[in-house]
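Quick notes on the structure that follows.
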Amino acid sequence: MLVLNQESIKNVDLWKKAGIENLNFNHEQMSASTKENPTWVHFGAGNIFRGFIAMLQQSLLNSKKVDSGIVVVETYDHEIIEKIYAPYDNLGLLAIMNTDGSLDKEIIGSIGESLIGDPSKEEDWKRIQTIFSKPSLQLASFTITEKGYSLKNSAGDYSAEVQEDMANGPRQPKSVMGKIASLAYTRYQHGQLPIAFVSMDNCSHNGDKLYNAVETIARKWVTQGLVEEGFLQYINDPAKVSFPWSMIDKITPRPADSVKDALNQSGFGSTDILCTTKNTFIAPFVNAEKPQYLVIEDKFPNGRMPLEEVGVIFTDRQTVDRVEKMKVCTCLNPLHTSLAVFGCLLGYTLIADEMKNPNLKGLVEKVGYEEGMPVVVNPQIVDPEAFIKEVIEVRFPNPYIPDTPQRIASDTSQKVGIRFGETIKAYCERPDLDPKTLQYIPLVIAGWCRYLMGLDDQGNKMSLSPDPLLSMLQVHISGIELGNVESVGDSLEPILSNEEIFGVNLYNIGLGEKIENYFKELISGVGAVKATLEKHITI
């Protein structure tokens, strides 16, 4: 069996025999170059990074356009570094799952260094500070999920970690954004070195979310005399520090047993799938779909690598905004969430299987084509009609993509404001549209509230995916009984009126009562979810 390590990959013939594409560069030399002159640091060591972002730099390495790789930093789940990166010399394996069931296999080898981003890991933290003091560093990118940028808790107050960071300054930061602000300060101290901070997370105006968090902490430090006022000026000088917007798209599900078995049969043995104590499912291999998109606002004050040569689209902010709204607010992410909540309720464990259900397929078509597309502005660089057609007809139905509604249901409270709230707000703002005409987006929101009860459509208890607001949300619906419509009362009002969740008070725009009525149908008894979908989705 082939095992992943720096020595093993030197045996080119063995990897070729197993049908696994090897590196076209010297891994040891790349690692040394990365450590000596780092150009790219990425925060977030999960599957989307290894299965997409790292492979972009790898393509440049293979074609000799660059000679250094990426330094990856994990700030949340340290086990990923300790159990998936370090034991395998920072190598991995990408398995692209084609629609015919075949796998395209390639070694992931562009990661020159992996580090734990926490001052408690003193050696790693000092190394990260050294990296940020290097003039060669051009960008720090992020896939830390939407919640990674939040400074506040569910009550709307600064979290305890953020409060500590604001009070104590940049020396021993605890929150993720406190750490980034601290590292930006390190760069400021070494001659106000230029850098681009590039969020690649699936959230609207992601660059602004990152900027607002870092700037808020920096301003607090300046106000309290913990850092020089020049640091705030540095953060706010786009000639030195930029926060580009971006749109990323590639489905990288949890590692699947079916892919593990196929890899084992091909002679590849490094396939142990782990679930960390923080509930991250990860393995030495990444399984992913083939389609991928990355669009980035072209603002890089210290230069950048030629990623346009490997498919990245660089453009202006307005175009990024249009592409991002097209994908995150209309053509993919809202459809994913629609399938997630109803898939969990109806007992599905694969998105592809849901697409065989005519009512679920009809639901996403109506959410996307009928209610979402009217607010889409064509970004020109990607055709919205072609994009959504590929999503509904090719990507979601791919039976070899082991993506689950349970994975997508994670952190839904952090997503609905973008995935549905932005479309709802557009309906409110445009004179030719009326939010009261929406039918299917409200149905999905009602479905999410039904999901929060923790009972499937048969009335059986079901596990709910992690969500930072889960306990608070469940308090509001704790008195609702399946089969007892009268028990609903005004229980949904604190959820549906919460502008922090949806971006608007849904009652003020005439949707609150509609969602409540859908919800009452969904809880009317066993099998009511299936019956409600059949009633409202006209095939």
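A few remarks follow.
- Test: residue in the range 360-376 that is in a loop (DSSP other than H, G, I, E, B) and either among the aliphatic types (A, V, I, L, M) or closer than 30 Å to Ser102 by Cα (or both): yes
- Test: residue in the range 120-133 that is over 25 Å from Asn333 (Cα atoms) and in contact with an Asp or Glu (Cβ under 7 Å, 6 or more places away or on another chain): yes
- Tyr348 fulfils the conditions (1) within 21 Å of Ile418 (Cβ to Cβ); (2) open to solvent by 50 Å² or more (accessible area, probe 1.4 Å); (3) among the aromatic types (Phe, Trp, Tyr) except for a single criterion, (1).
- Residue ID - surrounded by the fewest Cβ atoms within 10 Å (Cβ to Cβ), chosen from residues in the range 377-397 that are among the β-branched types (Val, Ile, Thr) and in a helix (DSSP H, G or I): Val394
- Residue list for the range 313-359, restricted to those being of a type in the set (D, E, K, R), touching a residue at least 24 places away in the same chain (Cβ under 8 Å) and outside any helix (DSSP H, G or I): Lys356
- Residues of the range 236-281 that are farther than 24 Å from Ala409 by Cβ and assigned to a helix (DSSP H, G or I): Asp261, Ala262, Leu263, Asn264, Gln265.
- Members of the range 109-152 found to be out of contact with any strand residue (DSSP E or B) (no Cβ under 7 Å at 6 or more places or on another chain), modelled with pLDDT of 95 or more and of a type in the set (Gly, Ala, Ser), listed by number: Gly109, Ser120, Ser133, Ser136
- Inside the range 161-203, residues that are surrounded by 22 or more Cβ atoms within 10 Å (Cβ to Cβ) and among the polar types (S, T, N, Q) make up a count of 4.
- Residues being surrounded by fewer than 19 Cβ atoms within 10 Å (Cβ to Cβ), at pLDDT 95 or above, farther than 24 Å from Thr252 by Cβ and small (Gly, Ala, Ser) are represented in the range 443-461 by at least one member.
The values are calculated or read from the model by the stated rules, or taken from the named source; none is laboratory data. Predicted model only: the values in this text are computed from it and were never measured. Positions of Cβ are generated from backbone atoms using ideal geometry, with glycine treated the same way; all protein chains shown enter the neighbour counts. The protein model used for the area step is the full one, side chains on, heavy atoms only, and it has no ligands, DNA or RNA in it. Shrake-Rupley method; radii C 1.70, N 1.55, O 1.52, S 1.80 Å.
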